[in-house]
Amino acid sequence: MVRVEETVEVSVNQFGEPIGFRWQGECYLVTNRPVRWFTRREWWVESARAYRGIGAGILESEMWRLTANGGQGVAQFEFIHSAIGNAWKLVRVYA
């Protein structure tokens, strides 16, 4: 496993599931149905205080794991998706 922490461009289908992405100049196509789950963010590291009423976005992160085929061959990838700004961050690669 390699930790990455890079923002990437991700294409999604009509259900919001990743179907492809671009990383390090290579295009990757998703080869299986992605798995989605939510995990707790370490908000206490990112912010001194979590203010009342700001919503679940501060406490939970949307995670995705998928298998994709691209320039480096087939591998598993994990992403964090932020609904704010529709940002995708590649966090782990399992080669």
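The values are calculated or read from the model by the stated rules, or taken from the named source; none is laboratory data. Computed from a predicted structure; not experimentally measured. Positions of Cβ are generated from backbone atoms using ideal geometry, with glycine treated the same way; all protein chains shown enter the neighbour counts.
Residue selection: Ser11 satisfies the criterion of being part of a strand (DSSP E or B) and either at pLDDT 95 or above or over 23 Å from Tyr94 (Cβ atoms) (or both). Contact annotation: residue pairs with Cβ atoms under 6 Å, 6 or more positions apart or on different chains, pairing a residue in the range 73-84 that is closer than 14 Å to Val12 by Cβ with a partner that is in a strand (DSSP E or B) and among the charged types (D, E, K, R), are His81/Glu62.
Scanning the range 40-79 for residues that are under 14 Å from Arg92 (Cβ atoms), modelled with pLDDT of 95 or more and of a type outside the set (Lys, Arg) yields Met63, Trp64, Leu66, Thr67, Ala68, Ala75, Gln76, Phe77, Glu78, Phe79.
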